[in-house]
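Peer 1: Got a structure for you, questions after.
A short reminder: the numbers here are calculations on the coordinates, not readings from a lab. These numbers come from a predicted model, not from an experiment. Here the Cβ positions follow ideal geometry from the backbone for every residue, glycine too, while neighbour counts run over all protein chains shown.
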């Protein structure tokens with residue numbers, strides 16, 4: 001590629017001979033009206049080139065499917081190159097670079113070409129030099145130019161880099177390599193990590209397209225431009241330390257992707273810092289755990305749409321696929337939106353896990369583990385299907401010898417903070433997010449194991465050994481809780497979208513959560529369709545009716561739970577949310593009176609316009 005007169009045809013023919021693959025000249029595909037226009041000395045515009053580019057794009061896909069080809073094409077603008085490379089798995093750009101004077105001299109010496117020197121200025125004006133590919137100085141001889149192109153191609157620089165070979169980084173690296181990409185991986189070689197790279201390469205020696213590095217500059221130099229680097233390290237200050245090392249070594253147009261569970265506000269700061277270096281930064285939420293990373297995760301990238309377009313082929317190739325074969329990776333929105341969505345994903349995940357734990361605790365009063373597993377299998381075969389319900393069945397059936405493993409696991413739950421982030425964001429945005437907060441607090445309470453044991457002994461309460469719960473009501477209550485959980489999660493995303501001008505697509509978010517991630521479920525497929533016509537989940541007719549019809553079931557389950565001293569943090573929170581959201585009048589009028597009494601905060605009246613505020617001298 002390059003402006004007219006730079007030698008594209010000559011170089012492409014010679015390269016075609018050397019590589020023994022066909023040569024094509026893009027000029028041969030111009031319609032006659034384009035040729036007539038250029039012959040008259042009038043430059044082509046984007047509309048003139050549109051059909052020509054589409055023809056070339058289609059041909060390139062056909063040529064790639066056979067043996068490949070060398071195409072000589074001006075491809076002056078980035079949007080032209082995007083059309084040409086669309087749907088191609090393997091493309092190598094070669095930019096022939098030369099001065100205006102040199103190229104004008106060559107044009108004046110050539111004969112029989114409809115492109116005259118009169119159009120060269122317009123070509124240079126339209127030219128957008130790519131920040132990638134092989135760049136060659138045309139002042140050299142054709143032989144030297146082709147030698148350089150072949151040498152650069154044979155150096156086989158990697159198309160993608162992964163920084164950090166922990167569990168997730170290693171799994172994603174193998175996933176990328178499985179898709180045929182040349183991959184560079186990096187890990188520091190300090191202390192206990194001295195042999196990480198060597199061990200990774202030796203354990204996966206069958207992969208000939210993975211190259212390991214422990215020296216940062218060598219790792220960066222091994223990548224083709226624009227460099228595309230996925231950072232897979234623990235979220236927090238370490239990410240900033242790594243970026244401070246990376247950014248000075250990178251070049252304008254390079255792309256860095258943070259694939260960890262970073263806080264969305266930190267991602268926004270890093271996005272702005274990267275821009276100061278001319279570097280593109282993407283915050284990508286990645287869900288699915290070790291197995292998902294290896295076989296296909298759900299990926300939620302946020303950043304500029306342009307930078308996502310440059311890495312979309314790789315990210316979408318390694319992502320899971322939904323029921324219709326579409327990739328579970330899609331552009332979320334600007335700056336920190338991808339990490340915000342992943343944060344909410346984790347908040348929903350906390351609740352889904354807590355709901356199952358609450359049902360398990362209640363069922364333990366009347367069922368053994370095998371009976372519970374059988375019940376859950378029945379649920380999981382229908383609309384209640386979810387990944388978390390599926391793994392819960394496996395957990396219930398797991399034994400060590402004659403003992404169920406679940407009985408040997410300490411009842412103290414850990415957390416990594418992402419659940420509490422959702423609650424904090426809800427507080428900041430003024431959104432009721434009661435179920436996520438309840439799930440987080442339930443984990444916090446579990447951590448006070450010693451205190452709980454002492455209090456239980458002191459209370460000397462004799463627990464009931466059996467419960468009388470209607471199993472159909474329990475299934476309906478579980479569905480009720482899940483619907484409210486998703487309602488609160490998507491409402492939180494809606495508020496953030498409006499506050500930060502992200503323009504989130506909830507139908508698409510539900511779709512990419514339908515597989516590959518921890519909260520994948522049958523419900524998510526349903527929501528994908530429902531969100532196409534209604535943005536508020538609780539306003540969807542099917543959802544509202546399901547909640548209305550199962551309210552009594554929730555009351556039954558909560559009554560049995562209270563009678564058996566089984567705490568149900570999340571199910572209780574879901575019920576109260578439903579009651580409040582469907583009550584025309586709440587007790588908040590008393591709170592407003594109290595606020596006005598002690599703080600003169602004023603109040604509105606039911607018999608006056610909402611724009612008017614009042615204060616009473618209560619004494």
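Peer 1: Helix 100-109: angle to the longest alpha-carbon principal axis of the chain, degrees 0 to 90, nearest 10?
Peer 2: Rounded to the nearest ten degrees, it is 50.
Peer 1: Oh, and also: Whole number please: convex hull volume per residue, Cα atoms of the range 236-394, in Å³. Mind dumping the intermediate values first?
Peer 2: Values: hull volume 20.4 nm³, N = 159.
Here the figure is 128 Å³ per residue.
Peer 1: Given a cut-off of under 8 Å on Cα pairs at least six residues apart, what relative contact order in percent is computed for the range 343-581?
Peer 2: Dividing the mean separation by the residue count of the range 343-581 yields 31 percent.
Peer 1: Return one number: the angle in degrees, 0 to 90 and rounded to the nearest 10, between the long axis of the Cα atoms of helix 434-446 and the longest principal axis of the Cα atoms of the chain.
Peer 2: That helix lies at roughly 70 degrees to the long axis.
Peer 1: If you average the alpha carbon positions of the range 121-170 and of the range 222-275, how far apart do those two centres end up, in angstrom?
Peer 2: The two parts, judged by their Cα centres, are 22 Å apart.
Peer 1: Is the range 360-492 rounded, prolate or oblate when judged by the Cα gyration tensor, a ≥ b ≥ c being the square roots of its eigenvalues, rounded requiring a/c under 1.5 and prolate requiring a/b larger than b/c? Can you show the working numbers first?
Peer 2: Working: a/c = 1.73, a/b = 1.19, b/c = 1.45.
Taking the square roots of the gyration eigenvalues as a ≥ b ≥ c, the range 360-492 is oblate.
Peer 1: Determine, for 290, 494, 349, the number of other Cβ atoms within 10 Å of each Cβ, and report the residues in order from fewest to most. Before the final figure, lay out the partial values.
Peer 2: Working: 290 14, 494 18, 349 23.
Fewest to most other Cβ atoms nearby, the residues stand as 290, 494, 349.
Peer 1: Quick check: the angle from helix 541-563's long axis to the longest principal axis of the chain, C-alpha only, nearest 10 degrees?
Peer 2: 40
Peer 1: Something else: Across bins of 5 angstrom width beginning at 0, how are the C-alpha pair distances of the range 144-212 distributed, in whole percent?
Peer 2: Percent of pairs per bin, in order: 4, 16, 26, 20, 12, 9, 6, 4, 2, 0.
Peer 1: Could you give me the percent of Cα pairs per 20 Å distance bin for the chain, shortest bin first, beginning at zero and ending with the bin that holds the maximum distance?
Peer 2: 16, 40, 29, 13, 2, 0
Peer 1: Name the shape class, rounded, prolate or oblate, that the alpha-carbon gyration tensor gives for the range 62-176, where a ≥ b ≥ c are the square roots of its eigenvalues, rounded holds for a/c under 1.5, and otherwise prolate holds if a/b is larger than b/c and oblate otherwise. Display every interim value, and only then the final one.
Peer 2: Working: a/c = 2.32, a/b = 2.13, b/c = 1.09.
Since a/c reaches 1.5 and a/b is larger than b/c, the shape of the range 62-176 is classed as prolate.
Peer 1: Among 351, 196, which comes first, then next, by fewest other beta-carbon atoms within 10 Å?
Peer 2: Numbers: 351 33, 196 22.
Lowest count first: 196, 351.
Peer 1: Just how far, in whole angstrom, is the range 483-526 from the range 19-58 if you go by their alpha carbon centroids?
Peer 2: The range 19-58 and the range 483-526 have Cα centres spaced 44 Å from each other.
Peer 1: Taking 7 Å along the Cα-to-C-beta vector as the label spot, tell me the residue 216-residue 85 distance in nanometres, rounded to one decimal.
Peer 2: The answer from the label model is 2.7 nm.
Peer 1: How high is the relative contact order of the chain, in percent, counting Cα pairs under 8 Å that sit 6 or more residues apart?
Peer 2: Values: 949 pairs, mean separation 59.1, N = 619.
Relative contact order of the chain: 10 percent.
Peer 1: If R₀ is 41 angstrom, what is the calculated FRET efficiency for the pair residue 563 and residue 265, using the beta carbon separation as r and rounding to 0.05? Please report the intermediate quantities before stating the final value.
Peer 2: Values: r = 44 Å, r/R0 = 1.09.
Between residue 563 and residue 265 the formula returns 0.40.
Peer 1: Can you tell me the mean projection area, over all orientations, of the convex hull of the range 298-382's alpha carbons? Units nm², please. Walk me through the numbers before you get to the answer.
Peer 2: Numbers: hull surface 29.2 nm².
Over all viewing directions, the range 298-382 projects a mean Cα-hull area of 7.3 nm².
Peer 1: Remind me, relative contact order of the range 8-154 in percent, using alpha carbon pairs under 8 angstrom and six or more residues apart? All intermediate terms of the calculation are to be shown ahead of the outcome.
Peer 2: On the way: 142 pairs, mean separation 43.3, N = 147.
This gives 29 percent for the range 8-154.
Peer 1: Counting other C-beta atoms within 10 Å, which of 469, 519 has the fewest, and how do the rest follow?
Peer 2: Ordered from fewest to most neighbouring Cβ atoms within 10 Å, 469, 519 come out as 469, 519.
Peer 1: Please express the shape of the range 160-335 as an equivalent ellipsoid: the semi-axes are the square roots of 5 times the eigenvalues of the C-alpha gyration tensor, given largest first in whole angstrom. Intermediate values should be presented prior to the final figure.
Peer 2: Numbers: eigenvalues 96, 86, 44 Å².
Ellipsoid half-lengths, sorted descending, are 22, 21, 15 Å.
Peer 1: Grab the Cα-Cα distance for residue 615 and residue 273, subtract it from 0.36 nm times how many residues apart they are, and report the gain in nm with one decimal.
Peer 2: Values: separation 342, 0.36 × 342 = 123.12 nm, distance 4.85 nm.
Going from the current span to full extension adds 118.3 nm.
Peer 1: Now for a separate question. Report the dimensions of the range 343-581 along its three principal axes from the alpha-carbon atoms, largest first, rounded to Å.
Peer 2: 54, 36, 35
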